[in-house]
Amino acid sequence: MYKLTLINAMKKEPKTVIEVAKVLAPIVGSRDVVDLLKAPIIKSDSRIVVLDFSYVEFISRSAAHELLLIKEELHQKDKELSFENVNKDITEMLRVVAANRALPKTEKPQFKAEKTDINSLREELPV
Amino acid sequence: MRNVIVPQIKSSSLVGQLKSLYETLKDAKPNEDLNFDLNQLSFACPLLILPLCSYLNTTKSEFVISKDSKIKSYLDVINFPKGITSVSSFHQKIQKDKNYIPISVLTREGVVGRERLESLFATMVYKAIDVSGIEGVSNAIYYPIGELITNIFEHSKENQGFIFGQFYPKKEWLDICIVDRGRGLAAAYQQEKNLNLSDGDAIAEVMKGNSTKPDKERGYGVRTSKRVVCEALGGEFTIISGSSALVVSKDKEKLVSLPNFHWQGVIIAYKIPKPKHPIDIFPYLE
(Lines give C-alpha, C1' and ligand atoms only; values in the text may rest on other atoms or scores of the structure.)
Protein backbone atom coordinates (compact mmCIF):
# COMPACT_ATOMS: atom_id res chain seq x y z
CA MET A 1 0.00 0.00 0.00
CA TYR A 2 2.82 2.39 0.80
CA LYS A 3 5.82 2.40 -1.42
CA LEU A 4 9.21 3.80 -0.77
CA THR A 5 10.79 5.15 -3.90
CA LEU A 6 13.82 7.17 -4.85
CA ILE A 7 12.19 9.80 -6.99
CA ASN A 8 14.15 12.85 -6.05
CA ALA A 9 17.22 12.14 -8.09
CA MET A 10 18.61 15.65 -7.67
CA LYS A 11 18.71 15.60 -3.89
CA LYS A 12 18.99 11.81 -3.70
CA GLU A 13 16.71 12.01 -0.72
CA PRO A 14 14.28 9.14 -0.24
CA LYS A 15 10.60 9.95 -0.17
CA THR A 16 7.68 7.98 1.11
CA VAL A 17 4.83 8.07 -1.36
CA ILE A 18 1.30 7.32 -0.21
CA GLU A 19 -1.36 6.82 -2.86
CA VAL A 20 -4.43 8.45 -1.36
CA ALA A 21 -7.04 6.87 -3.66
CA LYS A 22 -5.73 3.39 -2.88
CA VAL A 23 -5.50 3.93 0.87
CA LEU A 24 -8.77 5.87 1.19
CA ALA A 25 -11.18 6.51 -1.68
CA PRO A 26 -11.60 8.60 -4.88
CA ILE A 27 -13.66 11.12 -2.91
CA VAL A 28 -12.23 11.99 0.49
CA GLY A 29 -15.12 13.39 2.47
CA SER A 30 -14.67 12.63 6.13
CA ARG A 31 -12.29 14.32 8.51
CA ASP A 32 -11.67 11.21 10.59
CA VAL A 33 -10.64 9.14 7.57
CA VAL A 34 -7.71 11.49 6.98
CA ASP A 35 -6.40 10.41 10.38
CA LEU A 36 -5.65 7.04 8.79
CA LEU A 37 -2.96 8.74 6.72
CA LYS A 38 -1.37 10.30 9.77
CA ALA A 39 0.14 7.16 11.31
CA PRO A 40 2.15 6.09 8.23
CA ILE A 41 3.19 9.70 7.61
CA ILE A 42 4.46 10.16 11.17
CA LYS A 43 6.11 6.74 11.27
CA SER A 44 7.87 7.22 7.96
CA ASP A 45 11.67 7.24 8.16
CA SER A 46 11.82 9.61 5.21
CA ARG A 47 12.00 13.33 5.86
CA ILE A 48 9.80 13.91 2.83
CA VAL A 49 6.40 12.29 2.52
CA VAL A 50 4.39 12.65 -0.66
CA LEU A 51 0.63 12.23 -0.79
CA ASP A 52 -0.15 11.17 -4.35
CA PHE A 53 -3.66 12.36 -5.30
CA SER A 54 -3.82 10.49 -8.62
CA TYR A 55 -7.41 9.24 -9.12
CA VAL A 56 -8.67 11.39 -6.23
CA GLU A 57 -11.52 13.46 -7.62
CA PHE A 58 -12.51 15.63 -4.67
CA ILE A 59 -11.73 16.33 -1.03
CA SER A 60 -14.07 18.01 1.40
CA ARG A 61 -13.14 21.15 3.25
CA SER A 62 -12.94 19.16 6.49
CA ALA A 63 -10.53 16.68 4.90
CA ALA A 64 -8.44 19.52 3.45
CA HIS A 65 -8.29 21.18 6.87
CA GLU A 66 -7.14 17.95 8.50
CA LEU A 67 -4.46 17.45 5.82
CA LEU A 68 -3.10 20.95 6.36
CA LEU A 69 -2.98 20.36 10.13
CA ILE A 70 -0.90 17.23 9.52
CA LYS A 71 1.35 19.16 7.14
CA GLU A 72 1.95 21.83 9.80
CA GLU A 73 2.58 19.22 12.48
CA LEU A 74 5.16 17.56 10.26
CA HIS A 75 6.80 20.89 9.47
CA GLN A 76 7.34 21.43 13.20
CA LYS A 77 9.14 18.07 13.29
CA ASP A 78 11.39 19.17 10.43
CA LYS A 79 9.62 16.87 8.00
CA GLU A 80 7.93 17.81 4.78
CA LEU A 81 4.54 16.74 3.49
CA SER A 82 3.84 17.48 -0.14
CA PHE A 83 0.79 16.92 -2.31
CA GLU A 84 1.32 15.66 -5.86
CA ASN A 85 -0.94 14.98 -8.86
CA VAL A 86 -3.56 17.22 -7.34
CA ASN A 87 -6.41 18.29 -9.65
CA LYS A 88 -7.52 21.92 -9.85
CA ASP A 89 -10.55 21.45 -7.57
CA ILE A 90 -8.48 19.87 -4.81
CA THR A 91 -5.86 22.59 -5.28
CA GLU A 92 -8.56 25.22 -4.86
CA MET A 93 -10.00 23.52 -1.78
CA LEU A 94 -6.55 23.41 -0.16
CA ARG A 95 -6.02 27.07 -1.11
CA VAL A 96 -9.34 28.17 0.40
CA VAL A 97 -8.67 26.36 3.67
CA ALA A 98 -5.05 27.56 3.86
CA ALA A 99 -6.18 31.15 3.22
CA ASN A 100 -8.77 30.84 6.00
CA ARG A 101 -6.12 29.53 8.38
CA ALA A 102 -3.75 32.35 7.49
CA LEU A 103 -6.36 35.09 7.66
CA PRO A 104 -9.48 33.95 9.54
CA LYS A 105 -12.61 35.96 8.93
CA THR A 106 -13.59 37.97 11.97
CA GLU A 107 -17.14 38.69 10.81
CA LYS A 108 -19.67 36.35 12.40
CA PRO A 109 -22.34 34.92 10.10
CA GLN A 110 -25.79 36.40 10.53
CA PHE A 111 -28.76 34.23 11.39
CA LYS A 112 -32.13 35.92 11.20
CA ALA A 113 -34.65 33.18 10.55
CA GLU A 114 -38.32 33.94 10.90
CA LYS A 115 -39.89 31.86 13.68
CA THR A 116 -43.01 29.89 12.90
CA ASP A 117 -44.64 26.53 13.57
CA ILE A 118 -45.15 23.55 11.31
CA ASN A 119 -48.87 24.13 10.88
CA SER A 120 -48.26 27.62 9.46
CA LEU A 121 -45.92 26.44 6.72
CA ARG A 122 -47.30 26.22 3.21
CA GLU A 123 -46.31 23.07 1.37
CA GLU A 124 -45.66 24.73 -1.99
CA LEU A 125 -42.42 26.27 -3.07
CA PRO A 126 -40.88 28.60 -2.14
CA VAL A 127 -40.65 28.40 1.64
CA MET B 1 -47.12 -1.79 19.94
CA ARG B 2 -48.95 1.30 18.76
CA ASN B 3 -50.05 1.35 15.14
CA VAL B 4 -49.12 4.47 13.12
CA ILE B 5 -50.65 5.02 9.71
CA VAL B 6 -48.08 6.88 7.59
CA PRO B 7 -50.15 9.51 5.79
CA GLN B 8 -50.15 10.15 2.07
CA ILE B 9 -47.57 12.76 1.06
CA LYS B 10 -49.47 15.83 -0.14
CA SER B 11 -46.54 17.57 -1.82
CA SER B 12 -43.07 16.44 -2.84
CA SER B 13 -41.65 19.83 -1.83
CA LEU B 14 -39.29 19.76 1.13
CA VAL B 15 -41.97 21.30 3.33
CA GLY B 16 -44.47 18.73 2.11
CA GLN B 17 -42.05 15.93 2.99
CA LEU B 18 -41.36 17.52 6.40
CA LYS B 19 -45.09 17.70 7.13
CA SER B 20 -45.51 14.00 6.29
CA LEU B 21 -42.66 13.09 8.62
CA TYR B 22 -44.16 15.30 11.32
CA GLU B 23 -47.62 13.75 10.99
CA THR B 24 -46.06 10.27 11.13
CA LEU B 25 -43.97 10.73 14.25
CA LYS B 26 -45.84 13.37 16.25
CA ASP B 27 -47.05 12.11 19.63
CA ALA B 28 -44.46 9.31 19.62
CA LYS B 29 -42.62 8.89 22.91
CA PRO B 30 -38.80 8.84 22.75
CA ASN B 31 -37.73 5.59 21.09
CA GLU B 32 -41.25 4.23 21.33
CA ASP B 33 -41.69 0.98 19.46
CA LEU B 34 -44.21 1.62 16.69
CA ASN B 35 -45.84 -0.37 13.95
CA PHE B 36 -45.78 1.75 10.79
CA ASP B 37 -48.53 1.07 8.28
CA LEU B 38 -47.21 2.20 4.88
CA ASN B 39 -50.23 1.16 2.83
CA GLN B 40 -51.60 4.66 2.29
CA LEU B 41 -48.43 5.87 0.59
CA SER B 42 -48.60 6.12 -3.18
CA PHE B 43 -45.07 7.48 -3.44
CA ALA B 44 -42.12 7.79 -1.09
CA CYS B 45 -39.51 10.47 -0.66
CA PRO B 46 -36.17 10.57 1.15
CA LEU B 47 -37.16 12.93 4.00
CA LEU B 48 -39.91 10.52 5.02
CA ILE B 49 -38.38 7.16 4.11
CA LEU B 50 -34.87 7.61 5.53
CA PRO B 51 -35.88 8.75 9.05
CA LEU B 52 -38.34 5.82 9.14
CA CYS B 53 -35.54 3.49 8.02
CA SER B 54 -33.22 4.71 10.79
CA TYR B 55 -36.08 4.55 13.34
CA LEU B 56 -36.80 0.95 12.36
CA ASN B 57 -33.11 0.08 12.64
CA THR B 58 -32.62 1.63 16.07
CA THR B 59 -35.84 0.61 17.84
CA LYS B 60 -37.89 -2.58 17.88
CA SER B 61 -40.43 -0.94 15.61
CA GLU B 62 -41.95 -2.79 12.67
CA PHE B 63 -43.74 -1.90 9.47
CA VAL B 64 -46.45 -3.38 7.31
CA ILE B 65 -47.04 -3.01 3.61
CA SER B 66 -49.24 -5.11 1.38
CA LYS B 67 -47.92 -6.81 -1.73
CA ASP B 68 -50.35 -4.71 -3.77
CA SER B 69 -49.00 -1.42 -2.46
CA LYS B 70 -47.85 1.05 -5.10
CA ILE B 71 -44.51 1.58 -3.37
CA LYS B 72 -43.70 -1.99 -2.30
CA SER B 73 -41.41 -2.69 -5.26
CA TYR B 74 -39.72 0.71 -4.86
CA LEU B 75 -39.00 0.05 -1.18
CA ASP B 76 -37.53 -3.34 -2.10
CA VAL B 77 -35.31 -1.80 -4.76
CA ILE B 78 -33.85 0.80 -2.38
CA ASN B 79 -33.34 -1.89 0.29
CA PHE B 80 -35.75 -0.39 2.81
CA PRO B 81 -35.37 -0.66 5.75
CA LYS B 82 -32.05 -2.47 6.20
CA GLY B 83 -30.05 -0.49 3.68
CA ILE B 84 -26.67 -1.35 2.18
CA THR B 85 -23.61 -1.54 4.41
CA SER B 86 -20.78 -2.39 2.01
CA VAL B 87 -19.35 -1.37 -1.35
CA SER B 88 -19.75 -4.90 -2.74
CA SER B 89 -23.47 -5.02 -1.78
CA PHE B 90 -23.93 -1.53 -3.26
CA HIS B 91 -22.37 -2.66 -6.56
CA GLN B 92 -24.59 -5.75 -6.67
CA LYS B 93 -27.68 -3.66 -6.02
CA ILE B 94 -27.01 -1.01 -8.65
CA GLN B 95 -26.15 -3.64 -11.27
CA LYS B 96 -29.55 -5.18 -10.68
CA ASP B 97 -31.53 -1.92 -10.44
CA LYS B 98 -29.58 0.68 -12.39
CA ASN B 99 -32.05 3.53 -11.95
CA TYR B 100 -32.16 3.58 -8.15
CA ILE B 101 -29.63 4.44 -5.49
CA PRO B 102 -30.06 2.22 -2.44
CA ILE B 103 -30.21 3.44 1.15
CA SER B 104 -26.68 3.32 2.58
CA VAL B 105 -25.83 2.70 6.21
CA LEU B 106 -22.45 4.10 7.25
CA THR B 107 -20.73 2.89 10.40
CA ARG B 108 -18.05 4.44 12.58
CA GLU B 109 -16.09 1.19 12.64
CA GLY B 110 -14.24 0.26 9.48
CA VAL B 111 -13.51 3.84 8.47
CA VAL B 112 -12.08 3.00 5.04
CA GLY B 113 -15.08 0.84 4.10
CA ARG B 114 -17.37 3.66 5.16
CA GLU B 115 -15.40 6.22 3.14
CA ARG B 116 -15.52 4.02 0.04
CA LEU B 117 -19.26 3.46 0.43
CA GLU B 118 -19.80 7.21 0.88
CA SER B 119 -17.60 7.87 -2.15
CA LEU B 120 -19.56 5.36 -4.24
CA PHE B 121 -22.87 6.83 -3.08
CA ALA B 122 -21.77 10.36 -4.03
CA THR B 123 -20.49 9.18 -7.41
CA MET B 124 -23.79 7.40 -8.13
CA VAL B 125 -25.78 10.52 -7.24
CA TYR B 126 -23.64 12.57 -9.61
CA LYS B 127 -24.11 10.01 -12.39
CA ALA B 128 -27.87 9.87 -11.76
CA ILE B 129 -28.36 13.57 -12.46
CA ASP B 130 -26.56 13.11 -15.80
CA VAL B 131 -24.79 16.44 -16.12
CA SER B 132 -21.30 15.29 -16.99
CA GLY B 133 -19.41 18.05 -18.68
CA ILE B 134 -20.94 20.95 -16.75
CA GLU B 135 -18.03 22.37 -14.81
CA GLY B 136 -18.19 22.42 -11.04
CA VAL B 137 -21.38 20.35 -10.66
CA SER B 138 -19.55 17.34 -9.22
CA ASN B 139 -18.01 19.58 -6.54
CA ALA B 140 -21.46 20.90 -5.65
CA ILE B 141 -22.83 17.36 -5.33
CA TYR B 142 -19.88 15.96 -3.38
CA TYR B 143 -19.33 18.87 -0.99
CA PRO B 144 -22.50 18.73 1.16
CA ILE B 145 -22.51 14.94 1.24
CA GLY B 146 -18.94 14.85 2.58
CA GLU B 147 -19.36 17.64 5.11
CA LEU B 148 -22.72 16.44 6.45
CA ILE B 149 -21.59 12.84 6.87
CA THR B 150 -18.43 14.06 8.60
CA ASN B 151 -20.68 15.81 11.10
CA ILE B 152 -22.40 12.56 12.06
CA PHE B 153 -19.16 10.94 13.11
CA GLU B 154 -17.69 14.11 14.62
CA HIS B 155 -20.66 15.21 16.71
CA SER B 156 -23.48 12.71 17.10
CA LYS B 157 -21.64 10.17 19.32
CA GLU B 158 -23.62 7.61 17.36
CA ASN B 159 -21.95 4.73 15.55
CA GLN B 160 -23.99 4.80 12.39
CA GLY B 161 -25.48 7.21 9.92
CA PHE B 162 -27.95 6.79 7.08
CA ILE B 163 -27.91 8.39 3.64
CA PHE B 164 -30.29 8.17 0.74
CA GLY B 165 -30.94 10.04 -2.49
CA GLN B 166 -33.43 9.98 -5.31
CA PHE B 167 -33.28 11.78 -8.64
CA TYR B 168 -36.59 12.37 -10.42
CA PRO B 169 -35.77 12.53 -14.17
CA LYS B 170 -39.12 14.01 -15.24
CA LYS B 171 -39.22 16.66 -12.55
CA GLU B 172 -35.44 17.16 -12.81
CA TRP B 173 -35.09 17.30 -9.04
CA LEU B 174 -32.64 15.56 -6.73
CA ASP B 175 -33.58 14.78 -3.11
CA ILE B 176 -30.89 13.86 -0.59
CA CYS B 177 -31.39 12.96 3.06
CA ILE B 178 -28.81 12.28 5.78
CA VAL B 179 -29.89 11.01 9.18
CA ASP B 180 -28.44 10.06 12.54
CA ARG B 181 -30.04 8.88 15.76
CA GLY B 182 -27.36 10.35 18.00
CA ARG B 183 -27.47 12.83 20.85
CA GLY B 184 -28.83 15.74 18.80
CA LEU B 185 -27.67 19.35 18.61
CA ALA B 186 -28.90 20.70 21.96
CA ALA B 187 -27.29 17.81 23.87
CA ALA B 188 -24.02 18.32 21.96
CA TYR B 189 -23.84 21.99 23.07
CA GLN B 190 -24.80 21.02 26.61
CA GLN B 191 -22.21 18.25 26.88
CA GLU B 192 -19.34 19.95 25.04
CA LYS B 193 -19.82 23.62 25.95
CA ASN B 194 -22.12 23.47 28.97
CA LEU B 195 -24.70 25.56 27.11
CA ASN B 196 -28.36 24.90 27.84
CA LEU B 197 -30.11 25.66 24.58
CA SER B 198 -33.52 24.89 23.18
CA ASP B 199 -33.57 22.80 20.01
CA GLY B 200 -34.29 25.93 17.98
CA ASP B 201 -31.45 27.87 19.61
CA ALA B 202 -29.08 24.94 19.02
CA ILE B 203 -29.92 25.00 15.30
CA ALA B 204 -29.31 28.77 15.32
CA GLU B 205 -25.86 28.25 16.91
CA VAL B 206 -24.99 25.72 14.20
CA MET B 207 -25.99 28.16 11.49
CA LYS B 208 -23.93 30.94 13.12
CA GLY B 209 -20.93 28.63 12.89
CA ASN B 210 -20.46 28.18 16.62
CA SER B 211 -18.90 24.73 16.80
CA THR B 212 -19.07 22.43 19.79
CA LYS B 213 -15.36 21.82 19.13
CA PRO B 214 -12.75 24.13 20.73
CA ASP B 215 -10.94 24.71 17.41
CA LYS B 216 -11.91 28.16 16.09
CA GLU B 217 -11.68 26.97 12.50
CA ARG B 218 -14.50 24.46 12.96
CA GLY B 219 -18.24 24.88 12.62
CA TYR B 220 -18.56 25.71 8.93
CA GLY B 221 -19.78 22.35 7.58
CA VAL B 222 -23.55 22.72 7.87
CA ARG B 223 -23.62 26.44 7.09
CA THR B 224 -21.46 26.19 3.96
CA SER B 225 -23.36 23.08 2.81
CA LYS B 226 -26.61 25.03 3.13
CA ARG B 227 -25.06 27.87 1.11
CA VAL B 228 -23.91 25.50 -1.64
CA VAL B 229 -27.37 23.88 -1.80
CA CYS B 230 -29.44 27.07 -1.66
CA GLU B 231 -27.20 29.75 -3.19
CA ALA B 232 -24.98 27.83 -5.63
CA LEU B 233 -27.54 25.21 -6.69
CA GLY B 234 -30.80 27.14 -6.08
CA GLY B 235 -32.24 24.41 -3.88
CA GLU B 236 -34.02 24.01 -0.55
CA PHE B 237 -32.49 22.78 2.70
CA THR B 238 -33.77 21.63 6.06
CA ILE B 239 -32.15 20.55 9.32
CA ILE B 240 -34.23 18.94 12.04
CA SER B 241 -33.16 18.15 15.60
CA GLY B 242 -35.35 17.50 18.61
CA SER B 243 -38.52 19.55 18.29
CA SER B 244 -37.30 22.17 15.80
CA ALA B 245 -36.43 22.48 12.14
CA LEU B 246 -34.81 25.13 10.00
CA VAL B 247 -36.24 25.33 6.49
CA VAL B 248 -34.32 27.36 3.92
CA SER B 249 -35.09 28.27 0.34
CA LYS B 250 -32.71 30.71 -1.33
CA ASP B 251 -32.81 33.80 0.92
CA LYS B 252 -35.81 32.77 3.06
CA GLU B 253 -35.11 31.04 6.37
CA LYS B 254 -37.76 29.78 8.79
CA LEU B 255 -37.09 28.29 12.19
CA VAL B 256 -40.01 25.95 12.66
CA SER B 257 -41.30 24.56 15.95
CA LEU B 258 -42.57 20.98 15.80
CA PRO B 259 -45.00 20.59 18.72
CA ASN B 260 -45.44 17.09 20.17
CA PHE B 261 -42.58 15.86 17.97
CA HIS B 262 -39.03 14.94 18.96
CA TRP B 263 -36.36 13.54 16.69
CA GLN B 264 -33.53 11.97 18.67
CA GLY B 265 -30.52 12.98 16.56
CA VAL B 266 -30.29 15.08 13.42
CA ILE B 267 -32.01 14.91 10.04
CA ILE B 268 -30.72 16.96 7.12
CA ALA B 269 -32.47 16.94 3.78
CA TYR B 270 -32.15 19.01 0.64
CA LYS B 271 -33.71 19.28 -2.77
CA ILE B 272 -31.93 20.71 -5.78
CA PRO B 273 -32.96 21.30 -9.38
CA LYS B 274 -30.89 19.58 -12.06
CA PRO B 275 -27.97 21.96 -12.70
CA LYS B 276 -27.92 23.51 -16.18
CA HIS B 277 -24.92 25.83 -15.87
CA PRO B 278 -21.36 25.73 -14.49
CA ILE B 279 -21.20 26.08 -10.71
CA ASP B 280 -18.38 27.47 -8.59
CA ILE B 281 -18.82 26.37 -4.98
CA PHE B 282 -15.70 28.04 -3.62
CA PRO B 283 -17.15 31.53 -2.98
CA TYR B 284 -19.69 29.87 -0.67
CA LEU B 285 -17.12 28.06 1.46
CA GLU B 286 -16.14 31.36 3.19
Check B:40, B:8, B:17 and return the single one that is in contact with a Pro (Cβ under 9 Å, 6 or more places away or on another chain) and either assigned to a strand (DSSP E or B) or surrounded by fewer than 22 Cβ atoms within 10 Å (Cβ to Cβ) (or both). B:40
Within the stretch A:70-94, of all residues that are over 21 Å from residue A:26 (Cβ atoms) and open to solvent by 50 Å² or more (accessible area, probe 1.4 Å), the one nearest to the chain's Cα centre (by Cα) is A:71
If you scan the stretch B:47-67, which residues turn out to be hydroxyl-bearing (Ser, Thr, Tyr) and surrounded by 16 or more Cβ atoms within 10 Å (Cβ to Cβ)? B:54, B:55, B:58, B:59, B:61
Can you say whether residue B:174 is open to solvent by less than 10 Å² (accessible area, probe 1.4 Å), touching a Gly at 6+ places or on another chain (Cβ under 8 Å) and away from every other protein chain (no Cβ under 13 Å), as far as the supplied structure shows? yes
Regarding residue B:52, is this residue touching a Ser or Thr at 6+ places or on another chain (Cβ under 6 Å), within 29 Å of residue B:234 (Cβ to Cβ), touching a residue at least 40 places away in the same chain (Cβ under 8 Å) and assigned to a helix (DSSP H, G or I)? no
Answer residue from the stretch B:245-267, given it is open to solvent by 40 Å² or more (accessible area, probe 1.4 Å) and under 17 Å from the mean Cα position of the chain (by Cα) and is farthest from the other protein chains (Cβ to nearest Cβ) among those: B:264
Check B:200, B:184 and return the single one that is without any contact (Cβ under 8 Å) to a residue 60 or more places away in the chain and either of a type in the set (Val, Ile, Thr) or touching a strand residue (DSSP E or B) at 6+ places or on another chain (Cβ under 7 Å) (or both). B:200
Candidates B:123, B:107, filtered to the one that is within 14 Å of another protein chain (Cβ to nearest Cβ), surrounded by 18 or more Cβ atoms within 10 Å (Cβ to Cβ) and free of Cβ contacts under 8 Å to residues at least 60 places away in the same chain: B:123
Pairing a residue in the stretch B:13-36 that is away from every other protein chain (no Cβ under 13 Å) and closer than 18 Å to residue B:56 by Cβ with any residue that is buried (at least 20 other Cβ atoms within 10 Å of the Cβ) and not hydroxyl-bearing (Ser, Thr, Tyr), where Cβ atoms lie under 6 Å and the two sit 6 or more apart in sequence or on different chains, gives B:34/B:4; B:36/B:4; B:36/B:6
Suppose we filter B:181, B:227 for residues that are of a type in the set (Lys, Arg) and within 13 Å of another protein chain (Cβ to nearest Cβ); which single one remains? B:227
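The values are calculated or read from the model by the stated rules, or taken from the named source; none is laboratory data. None of these values were measured; they are calculated from a predicted model. As a convention, Cβ positions derive from the backbone with ideal geometry for all residues, glycine included, and neighbour counts pool all protein chains shown. Protein only, heavy atoms only, side chains kept; ligands, DNA and RNA dropped before computing areas. Shrake-Rupley method; radii C 1.70, N 1.55, O 1.52, S 1.80 Å.
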